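One structure below.
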Amino acid sequence: MIPQKVRDILSSNGLKALEFEPGSTPTSQLAARQLGVEVGQIAKSILFVAKDGRAFLVVCPGDRKVNSSKLKANIGVKTRLAGPEETLELTGFAPGGVCPFGVDKAEILIDIHLSQYDVIYPAAGDDASAVPIRFEQLVSITGGKVLDLTVPMAE
């Protein structure tokens, strides 16, 4: 079920989430198959916690992975992947449904490689949703900082 705070943000920006069977879009591959789009168009949101305690939600293409060296170079501190409980606590969303809308306990970082697509699809707060959105809209709505943070996944 899409949280009301996400529905409100989407509605106020003229956007609507696509909803599917529960548990049908928890990975980039499954979401892309469900939507009939390229895996790279899935905007996955991954939470990192820095050594200094700050949290960063990285939004990146589903066919790429966050490069720890690039992340550290951009934020100035080493990070680690947040655990499931931390992710829920800091974002309000469980892994598999983390979305970049309505997150106020983490800085939003958006990977520049998402900009190559006309439409991208972040989750809407659960593991059975996606929001068709343009890159510029995502940046504007989230207030995210656009950076080069990823490398292609190994085949």
Margin query: Going residue by residue through region 90-113, is there one that turns out to be within 18 Å of LEU15 (Cα to Cα), at pLDDT 95 or above and among the aromatic types (Phe, Trp, Tyr)?
Written below: yes
Within the bounds of region 76-87, is there any residue that is touching a residue at least 12 places away in the same chain (Cβ under 8 Å) and crowded, with 23+ Cβ neighbours inside 10 Å? yes
Kindly evaluate ARG33 against the criterion of being in a strand (DSSP E or B) and surrounded by fewer than 18 Cβ atoms within 10 Å (Cβ to Cβ).
no
Within region 114-154, of all residues that are at pLDDT below 95 and surrounded by fewer than 19 Cβ atoms within 10 Å (Cβ to Cβ), the one nearest to GLU19 (Cα to Cα) is MET153
Per the filter on region 52-73, residues closer than 28 Å to ARG134 by Cα and exposed (fewer than 14 other Cβ atoms within 10 Å of the Cβ) are SER69, ALA73
Of the listed residues (PHE48, PHE135, PHE56, PHE93), the one being out of contact with any His (no Cβ under 8 Å at 6 or more places or on another chain) and under 17 Å from THR27 (Cβ atoms) is PHE93
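The values are calculated or read from the model by the stated rules, or taken from the named source; none is laboratory data. Quick caveat: nothing in here was measured; it's all calculated off a predicted structure. Using ideal geometry, Cβ is built from the backbone for each residue, glycine included, and neighbour counts are taken over all protein chains shown.
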